[in-house]
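Student: Can you keep this structure in mind? I'll have questions shortly.
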Amino acid sequence: MEIKICQLTDPNSPYLPQIIKWQYKTWGKKDGLRYDCVESNIRHSIMKDRIPLTYIALVDGELAGYHQIDLHDMEARPDIYPWLINLFVVKKFRKQGVASALLKHVPNVLKKLKINHLYLYTSVNGMYEKFGWEFVEMIEPKMKHQDKFVRLYKFTAKNTLK
Ligand SMILES: CC(C)(COP(=O)(O)OP(=O)(O)OC[C@H]1O[C@@H](n2cnc3c(N)ncnc32)[C@H](O)[C@@H]1OP(=O)(O)O)[C@@H](O)C(=O)NCCC(=O)NCCS
């Protein structure tokens, strides 16, 4: 099984419609966003050399997942940025190291962007630590669908990988 991480920059990429569907189903709908809003957001998140960026994981050439780098991910905390957002692996390919490959690629992204840190928030506990992310604090997104505290993490370029 070969897992390849590629940056998505082609507006005509055949992978874009699938990513838009996954994004809407997993997060957009719950956030109360219209499908065409999610579509526009993803289609405008494929910059080449600046944020927002989108990376996909291909397993033996098949689209398995993605994640993105964006300036904002939490309305309640505009003071911290940039963010790793929307890490997603489709069910068929879960537990096979796809998220692991996407997360191991993060230091390359920092190097490319010439930045030395990223933030993310999640309710997943115990995964990001394995890839050099440091737990910062519990944080309240204060969003309609998300009234619980979530975990805030920071990745700094010097951190070593598992
Ligand atoms: C969470 C998710 C990205 C994991 O993807 P995956 O490809 O199955 O993960 P991997 O197989 O690469 O696992 C990497 C490591 O993280 C661990 N891990 C994976 N999912 C985990 C979870 N939900 N909680 C804790 N640890 C987890 C694995 O055990 C593995 O550790 P190991 O190498 O020591 O065994 C995937 O389940 C998903 O897309 N879920 C829905 C969207 C989501 O919740 N995204 C995260 C939002 S912040």
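Student: Of Ala76, Ile46, Val98, which is farthest on the positive side of the dipole of the range 3-156, counting Cα position, with +1 on Lys and Arg Cβ, -1 on Asp and Glu Cβ, and the Cα centre as origin?
Tutor: About the Cα centre, the residue reaching furthest to the positive side is Val98.
Student: Related question: Give me Lys95, Lys104, Lys142 sorted ascending by neighbouring Cβ count inside 10 Å, so fewest comes first. Intermediate values should be presented prior to the final figure.
Tutor: On the way: Lys95 8, Lys104 17, Lys142 11.
Neighbour counts put them in this order, fewest first: Lys95, Lys142, Lys104.
Student: Additional query: Pop the C-beta distance of Gln96 and Lys142 into the FRET formula with R0 = 35 Å and round what comes out to the nearest 0.05. Present the calculation step by step, with values, prior to reporting the outcome.
Tutor: Values: r = 35 Å, r/R0 = 1.00.
In this case the efficiency is close to 0.50.
Student: Right, here's the next one. Debye calculation, C-alpha points only, no solvent: report log10 I(q)/I(0) for the range 100-158 at q = 0.12, 0.24, 0.26, 0.27 Å⁻¹, in the same order as the q values.
Tutor: Taken in order of the listed q values, log10 I(q)/I(0) reads -0.32, -0.96, -1.04, -1.08.
Student: What number do you get for the chain when its Cα radius of gyration is normalised by 2.2 N^0.38 Å, N = residues?
Tutor: Numbers: Rg = 15.1 Å, N = 162, 2.2 N^0.38 = 15.2 Å.
That ratio works out to 0.99.
Student: Normalised by the residues of the range 51-162, what does the relative contact order come to in percent, with Cα pairs under 8 Å and at least six apart? Display every interim value, and only then the final one.
Tutor: Values: 182 pairs, mean separation 23.5, N = 112.
Worked out over the range 51-162, it gives 21 percent.
Student: Further question: About its Cα centre, what dipole magnitude does the range 3-156 give when the only charges are +1 on Lys and Arg Cβ and -1 on Asp and Glu Cβ, stated in debye to the nearest 20? Present the calculation step by step, with values, prior to reporting the outcome.
Tutor: Numbers: 24 positive and 16 negative charges, 72 e Å.
Result for the range 3-156 is approximately 340 debye, rounded to the nearest 20.
Student: Through the Karplus equation 6.51 cos²θ - 1.76 cosθ + 1.60, θ set to phi - 60°, convert the phi angles of the range 127-132 into ³J(HN,Hα) values in whole Hz; use x for Gly and Pro.
Tutor: 9, 5, 4, 5, 10, x
Student: Helix-only mean residue ellipticity at 222 nm, the chain, DSSP H runs n ≥ 4 weighted -39,500 (n - 2.57), per residue, nearest 500. What is it? Each step should come with its number before you reach the end.
Tutor: Working: 4 runs with 32 residues, N = 162.
Here the helix-only value at 222 nm equals -5500 deg cm²/dmol.
Student: Going 7 Å from the Cα of Gln18 along its beta-carbon direction, which residues of the range 44-67 have the amide nitrogen within less than 16 Å of the resulting point?
Tutor: Within reach of a label on Gln18, which here means backbone N under 16 Å from a point 7 Å along Cα→Cβ, the range 44-67 contributes 55-67.
Student: Going down the table (Lys48/Lys158; Lys4/Lys111; Lys92/Lys158; Lys25/Lys114), which pairs top 26 Å between alpha carbons?
Tutor: Working: Lys48/Lys158 24 Å; Lys4/Lys111 19 Å; Lys92/Lys158 33 Å; Lys25/Lys114 33 Å.
From the list (Lys48/Lys158; Lys4/Lys111; Lys92/Lys158; Lys25/Lys114), the Cα-Cα distance tops 26 Å for Lys92/Lys158; Lys25/Lys114.
Computed from the coordinates by the stated procedures, all read-outs in this text should not be read as laboratory data. Fair warning: this is a prediction, and the values are worked out from it, not measured in the lab. Methodologically, a virtual Cβ is constructed for each residue, glycine included, from the backbone with ideal geometry; neighbour enumeration extends over all protein chains shown.
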